[in-house]
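K.L.:
Just dropping this structure here.
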């Protein structure tokens, strides 16, 4: 980790706890994620990977501790400002979470409409991103008529179209074949090269085995280890 | 509009719910308007009879007439001479004619028949006018059907109270049904709304299309309900005119201002139902 990135964390967590009743989904999690960093969050099912991501975009609120995102303390962000906070993120899910009654284009354009962009700019940007995702021929199709890989490409297009600073991907390749998974990872790499931070929760061993990026390993809601692949693998 | 088309079934259910609620409520209104007409017709028959003292000279009668006509609330005054009164009594008592024929003298006094302005015909105003007429020196006695006017007014007020209570109840029931139907529509869009929030949509961005849909559904539902009521009205009024033509029963449809009021009301109800369900839905989801 270079001195420069160390000094510029975009996500900071301080002794974060998330409880559901008596159960700790996350316990005493402290970590920094730097600008333009690519981080994998891994661990067994129920380790707290998805919860960790949800806390970052305030899909859930912390039970204890503090989270800073791009300088904002999430506890102090009023409810009315949460939509603005979420526009800093592009979120990708294993089950795509596309609106089934909207076309691929409409799903992507929604992000820009929500942000209040002019219709001409919405059209230009949405079409451009769908083209980058290789979906220009299918932008007027509805999600049910697309394959899983195509739906995830639309979801990636939706995640990056608003130029967010952070991409959160929760098992983005979990339901895809290896070829589709590779396309998704390439799209995300392309977006990282434009300065974004990428945080991916996955237990896809194939992807983890090929990476030379930082891996945060969670177990029972605690950070058991974090570092480069070899270190984490050794501890696993 | 696209959202409404995407959720066509729920949209149609909402419109039909509003239409049925409006149909029932406005049918009550139609009944109220026509029953009110009948009651107003009866009220027009209300008059005060002022019987004149025998000492009153013929030359004073014109002055008395003028005094009565100038009194507040009086629409018309008609003089009924004692002779005319007797003729009228004879006409009404044909079967007991022998009783009247045996009279040596005409026992009836001269009288004035006083008609009031329809808008002044409250029980209290009739009583007040009767008291003022009675206080005149030349007036011996007044008669205005004290007992039945009181009862009639009570019935009319009860009728009004029931109408207003029913209106409020229907309003509450309609809002309840519509807000639940709209909530059903929102639940069918729950995933979509959650995705919209995920990509940074404000509650306003989510609410506006639903409000517009609520207003449109309210207006369309109101118009459908009124059209159904009008068709029902045409069928019933044609039937009544055919079978009861000898009784002067004239049924009229709701006046235009009431029709407009019902449409505004249904639009408001559509919006209110939407507002209530959205507020709760966005709080819980």
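Bear in mind that the values in this text are calculations on the coordinates, not laboratory data. These figures come from a predicted structure and were not determined experimentally. Every residue, glycine among them, receives a Cβ derived from its backbone with ideal geometry; neighbour counts consider all protein chains shown.
K.L.:
Considering only DSSP beta bridges with both partners in the protein assembly as shown, what is the antiparallel share in %, to the nearest 5?
P.N.:
Counting only bridges with both partners in the protein assembly as shown, antiparallel ones make up about 65 percent.
K.L.:
Taking each residue of B:190-197 in turn, how many C-beta atoms of other protein chains fall within 10 Å of its C-beta, and what is the average?
P.N.:
Rounded to a whole number, the mean comes out at 5.
K.L.:
Test of understanding: in a Gaussian network model of chain B with alpha carbons linked when under 10 Å, which of B:137, B:203, B:104 would top the mean-square fluctuation ranking?
P.N.:
B:104
K.L.:
Once label points are set 7 Å from the Cα along Cα→Cβ at both residue B:76 and residue A:182, what is their separation, rounded to one decimal in nm?
P.N.:
Inter-label distance under the simple model: 10.2 nm.
K.L.:
Pick from A:15, A:226, A:203 the residue whose mean-square fluctuation is largest in a GNM of chain A, springs joining Cα atoms under 10 Å.
P.N.:
Highest fluctuation among the options: A:15.
K.L.:
For chain B, what relative contact order do you get, as a whole percent, if you take Cα pairs closer than 8 Å and at least 6 residues apart?
P.N.:
Working: 283 pairs, mean separation 89.9, N = 285.
Across chain B, relative contact order equals 32 percent.
K.L.:
Does region A:1-80 classify as rounded, prolate or oblate by the C-alpha gyration tensor (a ≥ b ≥ c root eigenvalues; a/c under 1.5 gives rounded; else a/b over b/c gives prolate, otherwise oblate)?
P.N.:
Verdict is oblate for region A:1-80.
K.L.:
Further question: What does the average come to when, for each residue of peptide A:92-98, you count the partner chain Cβ atoms lying within 10 Å of its Cβ?
P.N.:
Mean partner-chain Cβ count within 10 Å for A:92-98: 2.
K.L.:
Turning to a different aspect of this structure: In what sequence, highest mean first, do A:18-27, B:111-120 appear when ranked by Cβ atoms within 10 angstrom?
P.N.:
So the peptides A:18-27, B:111-120, ranked by packing, come out B:111-120, A:18-27.
K.L.:
Give me the base-10 log of I(q)/I(0) for region A:95-163 at each q in 0.16, 0.20, 0.29 Å⁻¹, Debye formula, one uniform scatterer per Cα, rounded to two decimals.
P.N.:
Debye curve over Cα of region A:95-163, log10 I(q)/I(0) at q = 0.16, 0.20, 0.29 Å⁻¹: -0.43, -0.67, -1.39.
K.L.:
Cα axis of helix B:58-70 to longest principal axis of chain B: angle in degrees, 0 to 90, nearest 10?
P.N.:
Result, in degrees: 10.
K.L.:
Please report the relative contact order for region B:156-285, taking Cα pairs under 8 Å with a sequence separation of at least 6, and give it as a percent rounded to a whole number.
P.N.:
Answer for region B:156-285 is 50 percent.
K.L.:
Another question, then. What's the FRET efficiency of residue A:213 with residue B:208 using the Cβ-Cβ distance as r and R₀ = 56 Å, to the nearest 0.05?
P.N.:
Between residue A:213 and residue B:208 the formula returns 0.85.
K.L.:
Taking the DSSP beta bridges in chain A as the whole, what percent of them are antiparallel, to the nearest 5?
P.N.:
55 percent
K.L.:
Would you kindly calculate the translational diffusion coefficient of the protein assembly as shown, applying Stokes-Einstein with the Kirkwood radius from alpha carbon pairs, for 37 °C and a viscosity of 0.692 mPa s, and quote it in µm² s⁻¹ without decimals? Numbers along the way, then the final one.
P.N.:
On the way: Rh = 30.2 Å.
Value of D from the Cα-based Kirkwood radius: 109 µm²/s.
K.L.:
Shielding by partners for A:74-83, please: the mean number of other protein chain Cβ atoms within 10 Å of each residue's Cβ.
P.N.:
2
K.L.:
Normalised by the residues of region A:95-163, what does the relative contact order come to in percent, with Cα pairs under 8 Å and at least six apart?
P.N.:
With pairs under 8 Å counted, the relative contact order is 48 percent.
K.L.:
Using per-residue counts of other Cβ atoms within 10 Å, averaged over each peptide, order A:34-42, A:158-166 from highest down.
P.N.:
A:158-166, A:34-42
K.L.:
Once you've got the GNM for chain B with C-alpha springs shorter than 10 Å, pick whichever of B:125, B:90, B:160 has the biggest mean-square fluctuation.
P.N.:
Of B:125, B:90, B:160, the most mobile in the Gaussian network model is B:90.
K.L.:
Classify region B:89-174 from the C-alpha gyration tensor, please: rounded if a/c falls under 1.5, else prolate or oblate depending on whether a/b exceeds b/c.
P.N.:
Oblate shape, in that a/c is at least 1.5 and b/c is the bigger or equal ratio.
K.L.:
Calculate how steeply helix B:8-44 sits against the longest principal axis of the alpha-carbon atoms of chain B, using the helix alpha-carbon long axis, and give the answer as 0 to 90 degrees to the nearest 10.
P.N.:
It works out to around 10 degrees.
K.L.:
Apply 1/(1 + (r/R0)^6) to the Cβ-Cβ distance of residue B:256 and residue B:87, taking R0 = 56 Å, and write down the FRET efficiency to the nearest 0.05.
P.N.:
Numbers: r = 46 Å, r/R0 = 0.83.
Efficiency, rounded to the nearest 0.05: 0.75.
K.L.:
Once you sort the root eigenvalues of the Cα gyration tensor of region B:34-161 as a ≥ b ≥ c, which label holds: rounded (a/c under 1.5), prolate (a/b larger than b/c) or oblate (the other case)?
P.N.:
Judged from the Cα gyration tensor, region B:34-161 comes out oblate (a/c at least 1.5, b/c at or above a/b).
K.L.:
Label points 7 Å out from Cα along the Cβ direction at residue A:121 and residue B:231: separation in nm?
P.N.:
My value for the distance between the label points is 5.1 nm.
K.L.:
With everything on Cα atoms, drop me the angle between helix A:104-114 and the longest principal axis of chain A, reported from 0 to 90° to the nearest 10.
P.N.:
70 degrees
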